[in-house]
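Readers should treat all values here as calculations from the given coordinates under stated rules, not as data from a laboratory. It should be emphasised that the depicted structure is a prediction, and the values quoted were computed from it without experimental measurement. FYI the Cβ positions are ideal-geometry reconstructions off the backbone, even for glycines, and counts take in every protein chain you see.
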Amino acid sequence: MRLRKVRRTRKTRKRSGRISRSRPSLSHPKRPKRPKRPKRPKRHIAPASKQNAAYSAGIHDARILRESGFVIELSPSLKQQINESWTHRYGQDRSSLLTHKMIAEGKHYAQGFLSELNLPEQTWLPIPMKKAAAAIVLTGDGINLLALKELLRLPLEEIIVMLEGADEQCFAAVRSLPGITVVHTKESLGQDVGRAVGTRLTSAETILFTNGAEAVPAEQLAHLLIAIDNNADLALTDGSESVGLFREWDDLTRVKAFMNWSLGRPDLLANSAAELPNAWSRKGINLIGTAALSVPPVAHQLAIEHKLIIMSCPVPDAVRTVSRKGQLPPNTAVNKLEVGDHIEALTAAMGLRGSRLSYPDRVRTRFPDRGGT
């Protein structure tokens, strides 16, 4: 008798360790799908045509400058001239905010400008800015030459370094950089006092305060300068994303937020003029008084009292001196000193607005003639 071979189909074939496709086994559940990673927001980069147009514009303006008899050499004056030409060309149609598109086009404009003048390529960052700007570098926490080199990329008329207690090697290294004014003091003034001293040494309309120990890219500092150039009086570093949840805040961060809430500016969250970097307008400093800069929380409180225009600008690469709980011990001497400065600012505000500041008492009647005690 001849046996007939039965051909097994793919659906009915089973082997050891293999699951049938027709009826999946309950003992081997399917693996859950991995959640898709959220897509990172793409930075807006200027199209090649726009970049080429900016490069060509730089070549055109460089030819005009050369024909005018301007001395062609790598110098701070040439950097300022490139920025003035870029501002004249681009500044008429610019928006109130600095975008990545504007930054990219400014770099290509500078490249075309220097290429036409047969000069080596630089890292200069032209930004459409009409007001004269200066930077005051505070070195209470030390000095980092990379921080100064980032400032040299910006179209600043002055860079004043408040160098405290530095040795001869550090002093010589800072003096070797072009376009730097050094104020060398043997004794320690502190960052807060250095703000007032440095402000008296410059007449610029926009004043940028930075920490000399931390190198913040020029692209991020430019946002603070543009904010002041667009008629803001105080541009703060927005660090709201780095402080985390409220339960993770340290005492100083909570005091900063409480002061903003009490003075009617809850939108500022925990941002404060005590944080570096920040920028002020000359008009704003004249209203609060230069001496107030020596106590940054008091200067912040006076800026709110005088109804100055205060903006928070995202500077993600800036390092906050007071950040999430656990990154900085909450009982350090610096923390206690800054908490005391904020309490001093709140006390000054109470002297102007009353003990309850912006919070009305809706519970009790405190006047004896109305039945209160």
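The C-alpha atoms of the stretch 133-353 occupy a region whose extents along the principal axes are 47, 37, 32 Å, arranged from largest to smallest.
Measuring between alpha carbons in the structure, the pairs from Lys256/Lys307; Lys131/Lys256; Lys149/Lys256 lying more than 20 angstrom apart are Lys131/Lys256; Lys149/Lys256. Here is the list for the stretch 184-226: GluC sites (Glu not before Pro) lying in DSSP coil, each with at most 10 other C-beta atoms within 10 angstrom of its C-beta, are Glu187. Exposure proxy for Asp167, Asp251: other Cβ atoms within 10 Å of each Cβ, ordered fewest to most, give Asp167, Asp251.
Over all distinct Cα-Cα pairs of the stretch 48-116, the Kirkwood formula returns a hydrodynamic radius of 12.3 Å. Taking a sphere under 9 Å around the Cβ of Ser312 and counting the other residues whose Cβ falls inside, with K and R at +1 and D and E at -1, yields a net charge of -2.
As a proxy for reagent exposure, ranking Ser77, Ser272 by other Cβ atoms within 10 Å from fewest up yields Ser77, Ser272.
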